[in-house]
Structures are given as C-alpha cells and as structure tokens.
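Notes follow once the structure below has been shown.
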Amino acid sequence: MIKATLNNEEKIEELIAELTLEEKVGMCHGNGLFRTEGIKRLNIPPIKMSDGPIGVRNEFPDDSWTPIGNSDDYVTYLPCSLALASTWNTELAHRSGEVLGSEARGRGKDIILGPGINIIRSPLCGRNFEYMSEDPYLTGRMAVPFIRGVQENNDVSVCVKHFAVNNQETERLNVEAIVDERTFREIYLPAFEMAVKEGDAYSIMCAYNKLFGYHCSNNKELLQGILKEEWEFDGVVVSDWSAVNNTELAANAGMDIEMSVTFNFDDYFFANPLIKAVKEGRVKEEVINEKVRRILRLMYKVNVFSEDRKRGNYNAPEHRQVTLDVARESIALLKNKNNILPLNSKKVKTLAVIGENANIIHSNGGGSAEIKALYEITPLLGLKMILGGQTDIKYAKGYSSDLSSKEKLIKEAVELAKVSDAVIIVGGLKHVADDLQLENNALSVNKEEEVKHRIDSEGYDKSDLKLPYEQDELIKRVLEVNNNAVVVMLTGSAIEMTEWVDEANAIIQTWYNGMEGGRALAEVLFGAVNPSGKLPITFPKALEDSPAHKIGEFPGSETVKYTEGIYVGYRYFSSYDVEPLFCFGHGLSYTEFKYDDLNISINEELENIDISVKFEVTNVGDKTGLEVTQLYVSDLEASVERPKIELKGFDKVYLEAGETKEVEIKLDKKAFAFYCVDDKKWTVEEGKFEILIGSSSNDIRLQSEINVGSSYKF
Ligand code: BGC
C-alpha cells in the first residue's frame, strides 16, 4: 500500500520500485486500440484515450476498428479547430476546451487526443480543418486557453498533436520534411512551445513523419532534447497510431507510450521487444522507469487515484451554447458589395437554398476527428428554424458527385433562383463518412480518386484548389440570373473562387462549424448576428500563388523541401507583394470600425522590453459589432531576411453602435526577435521597427515607428 502522507512524486517512486519490468513495459504501450495496460495488483488502471478535438469519438472495442455502435456515444459537436481560430476569441477557445474536457471525462477518458496545432502550410493538406492557422502566434494564442480549458477543471489531459512538422497527409508515415533550422524554430515550433510552457499540456503526440533524418518517434533531438530538456516538458509523449518503428531508437529518444492500429499488442515495439531490449542492455531500465514516472505523473495530475475525481458531463445543454457562440463568431463575411447582407426576413417571402452543403452533415467524416454528433443543424435546417414558416424556402441540390446529372441539377437551381426573392448558395467541400456518401454510379470517378480530389479528410491531400462537382459552373449560372445571390462556402481550408468572385456581391466563409453551425449561419445571413470571424489562413487566387507551391515543394514524395522557409502564409504574400484572393485576418462586419490615436510607450529594462500599444476603436455604424484588432510588427533594419509583417498581438473588441473603446496590446522582446542559427538564440537587433494596427493583414489603419535601443539574445 502506498502511504497517504507521501507527496505524488514520492508515491510515484514507491510505485516504480514495486513494479516488475513486465508491468512497467505494459504501461508503455497500447493494450487496446485506445488504452494502455492497467496493473490490477497495484490498483493502477489503464489510461483511456479518445480522439478529439471536435468532440469525443465513438467507442471502439479493444481489438477492432468497427465501432461498438451503441447509443451511448453521441456527443456535443464543437466547431473544428480552424473555425475556432477564425473567431480570434481566446475566451471562446477556453470555453471550447472546457466543454471538450468535460465531455471526455464524462465518457470516462483520461486523455483526449487534441488539439491539432500543426501549421497550415499548403491549402491542400487534408487535415487543415483540424489545425488552426498558418500563423504560429495565432495558433499558440488560441491553443493555450483551449488546453487550459480542457485540463483545468476536468481531471483530463490533452494530447497536443502532431509533434512536429507534420503538414501533409501524402506519405505521412515516411515523408521527411526538409526544413531549415530557423524556419523550424520560427514557424513550426512556437505553438508547441507555447502549448507546453504556457498551456501546461500534460501530453504530446509524436508525429509520423521524418525530420532531420529520423522519424519523429526516433528523434532524440526533438523529443528528449527540445521537448523534454529545453522546454522542461514533464509530461508524456504518446506516439501517433503506429508511428513507432524501432524499439531501441524510440525508447531512447524519449517516446513514452506506443500506440498503434493493429491488435497484436504483445508484439508492439514497446511490448515484448522492449522487455528484450532491456534484458539485453540496449535500453536501460532507468529509461523505462522515466517513462513510467511520467505516465504516473500524468495519472496523478488527472486524479486517476482519487475518489473525488471529476465525473465530467457529456451532452450538457450548456455545452451546446458554447458551440453556438463559437459558430456565430467564426463565420467570416468576405464580401458584401452594396450591403446585400444581411437579408431582410420581412422582405424575403421566397428563398432559394441551393447546394448540397446546405443539406448534409459533416461531423461523421474526416478521419480520426469524426464523431457521432448528438445532432447537427445543417444550413437548410438553420434557415427554416429561424425563418419560422413566414418565408417559403425551397431547396435545390445544385451539384452532386454524380456528374451525369449535372445539367439537370444546374437547370433546376437556376429556375428556382429566377422565381425567388433571395438566393443562398451553400457549396464548398465535405468530409467523407463512408461509402454511402460516395454516390456510386458509372460516371462517378472511382472512390480513391473521389476522396483524393474532392474531400477534406485525414489521410489525403487534395490535388487542386478547385471546388468539386463543377460547383464553379453552378455558381456562375445562378449569379447570371440573380447577381445578388449570396455565396456561402463551407470548407475546412481555402478554396479557389476566381471564376466567380467578381460577379458575386456577397460571399460568406463558414466551416465544419459544430452542431449549431447551421443556425449560426442563418443568423448571420438574416442579421440576428453581426459577423466577426476573420480568416486564420490566406485564401490565394490560385494554388500557384501559395508559397509551398510557388517556392517550396508539396507534397514531395520521400522528402518534401520547405524551400519557402519562413515565408509561410501571409508572410509570403506580404513580403513578395502577391495579391491574395482574401488576405489573412480578413473579415467584414455589418457595421464599420474606425481606428484612432495610436499611442506607444516603451520601457526598456536590462533584460526585457515592455511595450504598451494603445489605440481607440469606434463603432461608427448603427449596429453592435465585434472587431478583431490585429497588431503586426515589421523589422525595418534587420541584418537578416525577415517577413514584411508578423502578427504579434490581437484583441477582439465588443462595441455598441457609436461606442469607442481603448485597446491595449502589450509586447515584450519576443515580438521583435528572429531565431539566429549561428548562436542558436532568439535575437532582437537594436534599431527601427514599425508597429502596424489593422483590421486585417492588408488593411492597416494605424502605424508608427519605434526605436529599440539595445540588442537582446535569449
Ligand atoms: C491520427 C491521430 C489520431 C490517431 C488515433 C492517427 O491516424 O493521425 O491524429 O489521434 O490516429 O485515432
């Protein structure tokens, strides 16, 4: 028996002393698809995991990928991570985390496998919807409160994934990301570092791909060096499912728990082969002890051994309110010529809703992030719900994977558009849930091709930026008969709109937006909610304009060269003067905001710079609204290449019509630093910098030069 008077670290050491080698190794690998082995004799339960992050995934048996299929695993469906980032609201990130943590505990889990915080490098990556942004600062700022929300009060751990430089699905198990050290430090690591140091993530998932010559799972420099030593991470490294491929290398590199996709649990690299490796002296027993120490530490942190462990609560009514709040703030109004939006429900007596995405659900697809949503309000349902029978709403499918019916569907849609007071087209991308969603007929492309080219999903990257199913043609032809038709894009990444963007007067971007997504969209369309989402990614005009495609390589094959270096996302578009379709940070409102009175005070201490940036924002329109104010820094005298602008602060402000608020954003030395590879230190060079305050990365409203008086290395 472990004495109650000992502190947790002492209890852990006592347990380690009591465990046999076999028992310890049992704790370091999957003994079910989503759990480790428990040690009954010492009352150590298994660690139970489940996928996230949009909700807790359905239950699987220990040894089969066919879901159990009972009715007890329907859950709250949260907007996808990209949608969450599109709110730029850190409070909502925290509340989303709280919901996920509570649901995970409610389902009896110890670790929820999320959030995914890889950088969105190419618009083609199939998992972009699961990630947050092309910008490391925005990703980190949203991830930290999310992680805290999950862990703080729920006795559950996150598993931040996928560490590191996992930015594509093509060849994901073996591709080697060739990234230079400065880019690695400035673009691909910061969000993970924030997740560990500020978010206090209890566990991290190691990615599949290779990096600097080794699979991440075998990469001692990455796991032991950077994560555990440099960042002082005291939690658990869990492998992505079947990311481990070498017992000795992975064990000595700092991998703690091997999870995989097969059912031969005793043959896992961290099962019998690990016992053998210890016996043969290839892996020291102390290395195993250290893994178990970390695992038990996580178990104490989530109160596994406590009688008072939190119960959690899934499908709580208040959770749905959070999904609605996030969805409302995530929708981005991209274009609103002649103030077509919001539509006036009193004037719209007949409404045409066109496009399959108005009428299908997405929560049950996409790969490991799929869930069984308690419900999912589609755009069509949302519109009917809020218009309450006073508007005659007719739906036309408009497009389909069955291309043989294309002309018929377009004609139907056009005819409906002609006779309706208002038209809303809801197109975009979709996940694939199962074979049923792929309509099988002679003319449909085969399934593999279909998935690859048309679908936002784990395991696949798209091959182009085009809208699937000839949607461009549908949209153009509907706009020909009604140029006030509102185009809504429902996607999990950027898509190309050049064929019709000039003809469309009103364009809205929404996402896989949670169980209340359709209601939120309807509220935005009819003005009950004033949109305030801002794009967390750049929408390029064409794929060739994206840096990973223009300068770098994507998707590569055995290797993929990140030759674009630090010029990812808007860092490229702004530095190379490439005009995007819609820029990073863009999103309109039904009201207007005026920026005034930029005031910057600098206080340079010995070790730090404290900068306070103050300015005023006024709502000069006649509707209440929310504005995401964005702060970018530009280094005017750098001795090395630097992106023209970099996001270093933001604040979302709520303003009644006519109201003015002062915004203050604080900066420290990190906001001015680049990573110097020569001495491996973050470096601030003395000299001139510009502080730019904007409503988007291309819509800078206030700017001022400042002088940093000395240099810093840290
Ligand atoms: C995914 C992970 C996921 C895991 C377990 C892997 O294929 O990359 O994100 O957590 O499966 O389902």
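The values are calculated or read from the model by the stated rules, or taken from the named source; none is laboratory data. In this text the structure is predicted, and so the values were computed from the model without any measurement. Here the Cβ positions follow ideal geometry from the backbone for every residue, glycine too, while neighbour counts run over all protein chains shown. Quick note on the areas: whole protein, heavy atoms, side chains included, nothing else; ligands and nucleic acids left out. Shrake-Rupley method; radii C 1.70, N 1.55, O 1.52, S 1.80 Å.
Details
- Of all beta bridges that DSSP places with both ends in the chain, some 60 percent have antiparallel geometry.
- Rounded FRET efficiency, nearest 0.05, which uses the C-beta distance separating Val481 from Arg41 and R0 of 60 Å: 0.20
- Selection from His29, Asn289, Phe163, by position along the positive dipole direction of region 19-301 (Cβ): Asn289
- Distances between placed amide hydrogens fall under 5 Å for Ser157 paired with Ile111, Ile112, all partners being 5 or more residues away or on another chain.
- Relative contact order for the chain: 14 percent, from Cα pairs under 8 Å spaced at least 6 residues apart, divided by residue count.
- Relative to the 2.2 N^0.38 Å rule of thumb, region 330-575 has a C-alpha radius of gyration ratio of 1.02.
- Taking all protein chains together and a 1.4 Å probe, the residues Val304, Val560 rank Val304, Val560 from largest to smallest accessible area.
- Backbone phi angles across region 646-655, fed through the Karplus curve with coefficients 6.51, -1.76 and 1.60 (θ = phi - 60°), yield HN-Hα couplings of 9, 5, 10, x, 7, 8, 9, 10, 9, 9 Hz in residue order; Gly and Pro are listed as x.
- Alpha-carbon centroids, region 255-332 and region 179-250: separation in whole Å: 16
- The modelled label-to-label distance between Leu598 and Thr563, using points 7 Å beyond Cα along the C-beta direction, is 3.6 nm.
- Gyration tensor analysis over the Cα atoms of region 146-198 returns equivalent ellipsoid semi-axes of 26, 15, 6 Å (largest first, whole Å).
- Rounded Å value of the spacing that divides the Cα centres of region 639-695 and region 97-143: 24
- Label zone of Ser463 (point 7 Å out along Cα→Cβ, amide N under 20 Å): in region 539-558 this covers 542-546, 549-550, 553-558.
- The slack in the chain from Glu230 to Asp610, taken as 0.36 nm per residue of separation less the alpha-carbon distance, amounts to 134.3 nm.
- Antiparallel %, DSSP beta bridges [both residues in region 19-301], to 5: 25
- The string of couplings for region 529-537 from the Karplus curve (6.51, -1.76, 1.60, θ = phi - 60°) is 10, 8, x, 9, x, 10, 4, x, 9 Hz, one whole number per residue in order, with x for Gly and Pro.
- Expected 222 nm ellipticity per residue - DSSP helices of 4 or more, -39500 (n - 2.57), all of the chain, to 500: -7000 deg cm²/dmol
- Kirkwood Rh and Cα Rg combined as Rg over Rh, evaluated for region 593-713: 1.03
- Förster-model FRET efficiency, 56 Å R0, Glu664 and Asp421, C-beta, rounded to 0.05: 0.75
- Against the rule of thumb 2.2 N^0.38 Å, how large the Cα Rg of the chain comes out: 0.96
- Karplus-derived 3J(HN,Hα), 6.51/-1.76/1.60, for each residue of region 662-672, Hz, glycine and proline x: 8, 10, 10, 10, 9, 10, 10, 4, 4, 5, 10
- Peptides 521-529, 142-150 ordered by average Cβ neighbours within 10 Å, highest first: 142-150, 521-529
- Database remark: amide H of Leu702 closer than 5 angstrom to the amide H of Ile693 (H placed geometrically; neighbours at sequence offset of 5 or more, or on other chains; Pro and chain starts carry no H).
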